[in-house]
Amino acid sequence: MITITIYKTKEEINGFIVEGHSGYAEEGSDIVCASVSILSYTALNAMNLVAGVSPEFISYEVDEETGFMNMRTLKINDKTDVIYRNFMVGIELLLEDYSDYITLKFEEV
């Protein structure tokens, strides 16, 4: 099961954690894990390339073996919020068909 925690304040999202593997299919054929991975890595890279956040203001940890990514932005702007919300929409769409393999929760920070 993949557990995704979205970190948010009352007004904005400032990070997320992805933990685990879905178990939907064998490694290399798991479309659920692949989908969550592409959403996560796209969000991470878009923070710099689209939102213009300097790398020193993006905190992240990745362990591909365990399916772990922890990402936080230390500086927020309108574009970072859009990127995080886009990530969240992608996860919510996956949940429509794969809720046995993904859990989404929110944590106020």
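Quick rundown of the values:
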read-out	value
Estimated dipole of the chain in Debye, rounded to 20 [Cβ of Lys and Arg +1, of Asp and Glu -1, Cα centre]	540 debye
Straight-distance crosslink candidates among lysines, where the alpha carbon sits under 21 Å from residue 79 and sequence neighbours closer than 8 are dropped	8, 10
Simple label model, 7 Å out from Cα along Cβ direction - residue 41 to residue 11, nm	3.4 nm
Inter-part distance where segment 70-109 and segment 39-57 are each reduced to a Cα centre, Å	14 Å
Cβ-based charge dipole, the chain, positive-most Cα from 2, 29, 76	76
3J(HN,Hα) from dihedral phi, segment 20-26, Karplus parametrisation 6.51/-1.76/1.60, rounded to Hz, x for glycine, proline	x, 10, 6, x, 5, 8, 4
Antiparallel DSSP beta bridges within the chain, percent to nearest 5	70 percent
Helix-derived mean residue ellipticity, 222 nm - over the chain, DSSP H n ≥ 4, -39500 (n - 2.57), to 500	-12500 deg cm²/dmol
Nearest 10 degrees, 0 to 90: helix 31-49 Cα axis against the chain principal axis	10 degrees
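The numbers here are math on the coordinates, done by the rules we state, and not lab data. This one's a predicted model, so the numbers in the text were calculated from it and none came from an experiment. For neighbour counting, all protein chains shown are included, and Cβ atoms are generated from backbone atoms with ideal geometry for every residue, glycine included.
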